[in-house]
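Notes follow once the structure below has been shown.
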Amino acid sequence: MIDDDEIDERLVNSGVIDNIESNDISLRPRRISEFIGQPQVQKNLLTFITAAETRKEAMDHVLLFGPPGLGKTTLAQIISIELGVGFRATSGPIINKAGDLAALLTNLKPKDVLFIDEIHRLSPNIEEILYPAMEDLQLDLIIGEGPSARTIKIDLPPFTLVGATTRSGLLTTPLRDRFGIQIRMEFYNPNDLVKILLKQAEKLEVGLHESGAYEIARRSRGTPRVAGRLLRRVRDILSVSKQIL
């Protein structure tokens with residue numbers, strides 16, 4: 001089993017998750033009850049989480065897909081918090097070798113959530129290793145080369161893989177079919193974006209009126225990440241002008 005600190009440095013704390021700004025994390029909801037918008041997604045996830053808790057099992061694997069900036073990473077974190085389990089996050093492009101994936105999987109605790117962003121960018125050889133891990137909780141690794149090569153099987157604890165992609169059409173059918181829960185994220189309506197902006201403005205201590213929030217929302221292309229970015233730029237202007245929007 002690869003040392004946990006090495007995993008964190010090479011694969012987990014990679015700075016690739018969701019392209020977030022450093023102050024975004026404190027603004028994110030931590031519970032489904034705090035999440036604004038995507039009502040059907042909320043309802044479905046709450047059902048699946050409650051069912052897993054009732055059965056005392058790991059939640060089924062989850063695929064979140066849709067345009068960027070809609071909250072896929074946030075929902076993955078919320079799933080782990082609601083389940084009361086550990087959370088590890090990485091990205092498809094940086095899992096280059098079988099050992100990288102093995103390091104992540106063998107260090108999971110029972111029922112932990114492993115989040116893979118840009119999962120459509122996993123290489124075919126990594127996908128092949130992931131299939132038995134998802135289905136049978138087994139890791140099949142080839143040790144050595146040539147005639148002396150041998151296969152070893154490693155038992156894994158029950159875990160939940162949450163994959164996120166903005167390019168669901170690029171997912172291979174075998175990988176997609178192994179996700180028991182598949183959730184499409186939709187663009188947000190202006191009213192939900194206004195609620196998100198007002199809540200974020202309160203945390204950022206920005207004096208934002210509802211009319212101002214609406215002006216930002218309608219320029220945000222239905223995307224909370226864009227709305228948050230515009231709000232922070234408004235805060236920058238207000239910090240200089242000392243005015244209230």
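We did not get these values from a lab; they are worked out from the coordinates using the rules stated. Only a predicted model underlies this, so the values are computations on that prediction, with no experimental measurement involved. Positions of Cβ are generated from backbone atoms using ideal geometry, with glycine treated the same way; all protein chains shown enter the neighbour counts.
The table below lists the values:
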| read-out | value |
| --- | --- |
| Protection proxy ranking of 69-76, 134-141 - average other beta-carbon atoms within 10 Å, highest first | 69-76, 134-141 |
| Residue-count net charge about ALA52 - beta-carbon cut-off 12 Å; Lys, Arg +1, Asp, Glu -1 | -1 |
| Region 190-241, dipole about Cα centre (Lys/Arg Cβ +1, Asp/Glu Cβ -1), debye to the nearest 20 | 280 |
| Label-point separation, ILE81 to THR151 (7 Å along Cα→Cβ), nm | 4.2 |
| Extension reserve of the THR173-GLU186 stretch, reckoned as 0.36 nm per residue once the Cα distance is removed | 2.5 nm |
| Cα-based equivalent ellipsoid, the chain: semi-axes from gyration tensor eigenvalues, Å | 38, 19, 16 |
| Rg followed by Dmax, in Å, when region 130-174 is reduced to its Cα trace | 14.4, 42 |
| Neighbour-limited loop hits for GluC sites (Glu not before Pro), region 144-245 (at most 16 other Cβ within 10 Å; DSSP other than H, G, I, E, B) | GLU145, GLU186, GLU205 |
| Percent antiparallel among DSSP beta bridges (both partners in the chain, rounded to 5) | 25 |
| Volume of the Cα convex hull of region 108-245, divided per residue and given in Å³ | 166 |
| Rg ratio (alpha-carbon, reference 2.2 N^0.38 Å) - region 190-241 | 0.98 |
| For region 99-139, average projected area of the Cα convex hull in nm² | 3.0 |
| Separation of the ARG55 and ARG219 label points, Cα + 7 Å toward Cβ, nm | 4.8 |
